[in-house]
Each structure stands twice: as structure tokens, then as C-alpha cells.
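Working notes for the structure below.
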Amino acid sequence: MAAVLLGIAAAVLLPLSGPAGGPVTPVLAQQAPPPADYLLNPGDSVDITVLGESDLTRQATIRPDGKINLPLIGDIVAAGLTPMQLTDRITTALKAFLRNPQVSVAVREIRPERNFVYLVGQFSRPGPVEIQKGWTITEVMAVAGGFTPRAALRRASIVRRVGGQTVPLDLEKLVLRGDRSVNPEVEPGDIIMLPTLENRVLVLGYVRAPGVYDMEDDNRVLDAIARAGGTAERANTSNIGVIRDGPGGKPVVTTVNLGKILAGDASQNVKLQNADVVYVPEGAIVRWGDILSYVSGFGLLRTLFGR
């Protein structure tokens, strides 16, 4: 056994021989040098040499904000520059401290390739999201932390980097109904758009929870009243008004009958538009002229709808 161990040790210690019997120097795998017009990126490492200035010669890694920090000159932008452009920038900055500085910049290491998609709009955390191969919208949504209450889930879309194709994306089906058929795989460079709900209405009068509500695009009067908790006692449900701007910006009212809506009369269930006011009056006698004057002067409308 000792002889075997000695043989193994001797084999390890003996130099490797080439074809002519000479030693072979091991070659370590290295990155190929980048082209001269390579643009530096966050995560790249560079070797900065200042001739005759050992304190200024160093290796630096470009930070996520695209900058590096050097003695004397502090932070300097590196990302988006070629090595030669960065050389010129450092040289110019050092002229305030040194006479005729001789600077060279060489790429030491290029960051590993990383793939991102970009979230725009009503996501909880919009911005870039690093993805892995095979990821779908579900994984991206998990990283993004979901969406805001004002997200128009039905009107989301993906803009593909290659070709610029826009792919409709119904996140309501995916997130709220669990429909996996609308869970496409994402591609590096995709832009995922989630717009803002643009159907905001104000429900006033004799409802249980008056207030402002963001409605879906196809919502109607009955939906708004339901969101407001239903009608309250003494409400005149046969003379509910939908108030919206008419010609010249003058408010006009369309009256509907909640009883007829509940009985199946779809014509009474008016489709809502952005900036509509749904007003549920009290009592048998309704003076819509007075109500229109009141609503038109309601300061909240200008805040909510820009009137």
C-alpha cells in the first residue's frame, strides 16, 4: 500500500511533458477580450493603470448606478462608455491633480449575461425584473409583488423586444380566475404594461357607502350601487340619476329605475363612463335642477375628475 501511495505522489509531483518531452504550462480559461467599441455595463470589472502612480492604479467594479469610485476624483460614470472613453474621462479628471497623467483602462471581466423584463404601470414594484429561462408571467408577478388597486387587469399587454409585437394579456383571467391559458412565457427585454383604470365614478346620496369607486370598463349602474353597499333607507330607487357632462360641458342627468333593472330591463342599467356621478335621491319628489347645481359646485369633482 505504501508503494502505491508513493507512486501516486510521484505522478502528481512530476511535471507534465509535451510532445518533445518539455514541461507543459497549464492554460486557464479566460474571457475573450471585448471589441474596442464595447460599452461597459454595471457589474463589469476594469483595470485602471495610472503610470507612476501606484496609489491610483487599481481594479474597479462598476456599481449598479453605473459609476466607479477613484481616489482624488471620487465617483465617475463608467457604464455606457467604451474603455477608451473612460480612459479619456479619468485622464481629464486627474489633470486637476497631476501633471500630464498617463492613464489606461482595460476590461478585466465582463459581467455574466443577465436577462431582464421591465414592468411599467400599476405594479406594486415597477421596474426591471431579472428572469430565468422558462419563466412565465406568474413568476414575474410574484417577484413584482402583485399590482395596485387601480390596475386595469384586463388591459395589460406585453411588448416584445424582438419585432415590437404587442401581445394582449388579460391578468384578471390569470390572477383572479386561475386561467393558465393566459400565462405566456416571457422573453428577455419584454416590456409588460399594466395601465391604470380609467373608469372612476362618484356614488352619492342614499347609499350605504358613498364615495369614489374605480370601475371596470363594462360596469353599469347596478355595479356602482353594489360597490357602494346598496341603497339606504328612504332611497328613491325608481328615480336614480346618472349625471355626466353633456354638450358644452354642461351636466345632464339620465334617470333609471332600480326595480326595473332588477326585473331584467337591461335598458335601464346604463353603462358607466369615467367621471360619471351616480346619485340616489331621497323621497318621492326629486328636484334634479337643484341636485345638478349641487353636484356641479361640488369641489371634490374638480379634484377627482379635473373639472
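Karplus couplings for segment 41-58 from phi (6.51 cos²θ - 1.76 cosθ + 1.60, θ = phi - 60°), rounded to Hz, Gly and Pro as x?
Karplus-based 3J(HN,Hα) across segment 41-58 equals 10, x, x, 5, 10, 10, 9, 10, 10, 10, 4, x, 10, 5, 5, 9, 7, 6 Hz.
Looking at segment 200-305 only, what percent of DSSP beta bridges run antiparallel? Nearest 5 please.
Working: 16 of 20 bridges.
Percent antiparallel among DSSP bridges in segment 200-305 is about 80.
Top mean-square fluctuation among Val50, Val207, Val143, Gaussian network model of the chain, C-alpha springs under 10 Å?
Most flexible of the set in this elastic network: Val50.
On a full-extension model of 0.36 nm per residue, what is the gain between Asp217 and Ala266, subtracting their alpha-carbon distance, rounded to one decimal in nm?
Details: separation 49, 0.36 × 49 = 17.64 nm, distance 1.69 nm.
Additional length available on full extension: 16.0 nm.
Which of rounded, prolate or oblate describes segment 200-305 when judged by the alpha-carbon gyration tensor and an a/c cut-off of 1.5?
Numbers: a/c = 1.39, a/b = 1.20, b/c = 1.16.
Here segment 200-305 falls in the rounded category.
GNM, the chain, Cα, under 10 Å: largest mean-square fluctuation among Val253, Val107, Val201?
Looking only at Val253, Val107, Val201, the biggest GNM fluctuation is shown by Val107.
Between Asp75 and Gln132, what is the spin-label point distance in nm, taking each point 7 Å from the Cα along the Cα→C-beta axis?
A separation of 3.3 nm, rounded to one decimal place.
When the chain is fully extended, how far beyond the present Cα-Cα distance does Thr255 get from Ser45, taking 0.36 nm per residue of separation? If you can, show how the numbers build up before the last one.
Details: separation 210, 0.36 × 210 = 75.60 nm, distance 6.95 nm.
Going from the current span to full extension adds 68.7 nm.
Report the calculated FRET efficiency for Ala232 and Asn115 (r = Cβ-Cβ distance, R0 = 45 Å), to the nearest 0.05. Before the final figure, lay out each step's value.
Working: r = 54 Å, r/R0 = 1.21.
According to the calculation, E is roughly 0.25.
Return the FRET efficiency for the residue pair Asp65, Leu176: r is the Cβ-Cβ distance, R0 is 41 Å, and the value is rounded to the nearest 0.05.
Numbers: r = 38 Å, r/R0 = 0.92.
For Asp65 and Leu176, the calculated efficiency is 0.65.
With Cβ to Cβ distances under 12 Å as the rule, what net charge do the other residues near Ile191 carry (K, R +1; D, E -1)?
0
Under 14 Å between alpha carbons, and skipping anything fewer than 8 positions from Lys67 in its own chain: which aspartates and glutamates qualify?
The reachable aspartates and glutamates, counting only those whose Cα sits under 14 Å from Lys67, are Asp44, Asp75.
Using the Cα centre of the chain as the reference point, and only Cβ charges (+1 on K/R, -1 on D/E), how large is the resulting charge dipole? Debye, rounded to the nearest 20.
Values: 31 positive and 30 negative charges, 128 e Å.
Using only the charged Cβ atoms, the result is roughly 620 debye.
For an R0 of 41 angstrom, estimate the FRET efficiency from the Cβ-Cβ distance between Glu282 and Arg154 and round to the nearest 0.05. Numbers along the way, then the final one.
Numbers: r = 36 Å, r/R0 = 0.87.
Once the sixth-power term is evaluated, E becomes 0.70.
If you stretched the chain out fully between Glu198 and Gln102, how much longer would it get, using 0.36 nm times the residue separation minus the C-alpha to C-alpha distance? Provide the component values of the computation, followed by the final result.
Working: separation 96, 0.36 × 96 = 34.56 nm, distance 5.91 nm.
Residue separation times 0.36 nm, minus the Cα-Cα distance, leaves 28.7 nm.
Taking every DSSP beta bridge with both residues inside the chain, roughly what % is antiparallel (nearest 5)? Mind showing how you got there, number by number?
On the way: 46 of 54 bridges.
Restricted to the chain, the bridges split so that about 85 percent are antiparallel.
With runs of 4+ DSSP H residues as the only contributors, calculate the mean residue ellipticity of the chain at 222 nm using -39,500 (n - 2.57) per run, divided by the residue total and rounded to the nearest 500. Don't skip to the end; give the middle numbers.
Numbers: 7 runs with 60 residues, N = 307.
Result for the chain, helices only: -5500 deg cm²/dmol.
Provide the net charge surrounding Glu233, with neighbours chosen by a C-beta distance below 11 Å and charges set as Lys +1, Arg +1, Asp -1, Glu -1.
On the way: positive: Arg208, Arg234; negative: Glu282.
Summing Lys/Arg as +1 and Asp/Glu as -1 gives +1.
Values quoted throughout were computed directly from the atomic coordinates according to the rules given, and no laboratory measurement underlies them. Given the structure is predicted, the values throughout are model-derived calculations rather than measurements. Glycine gets a Cβ as well: all are built from the backbone with ideal geometry, and neighbour counts include every protein chain shown.
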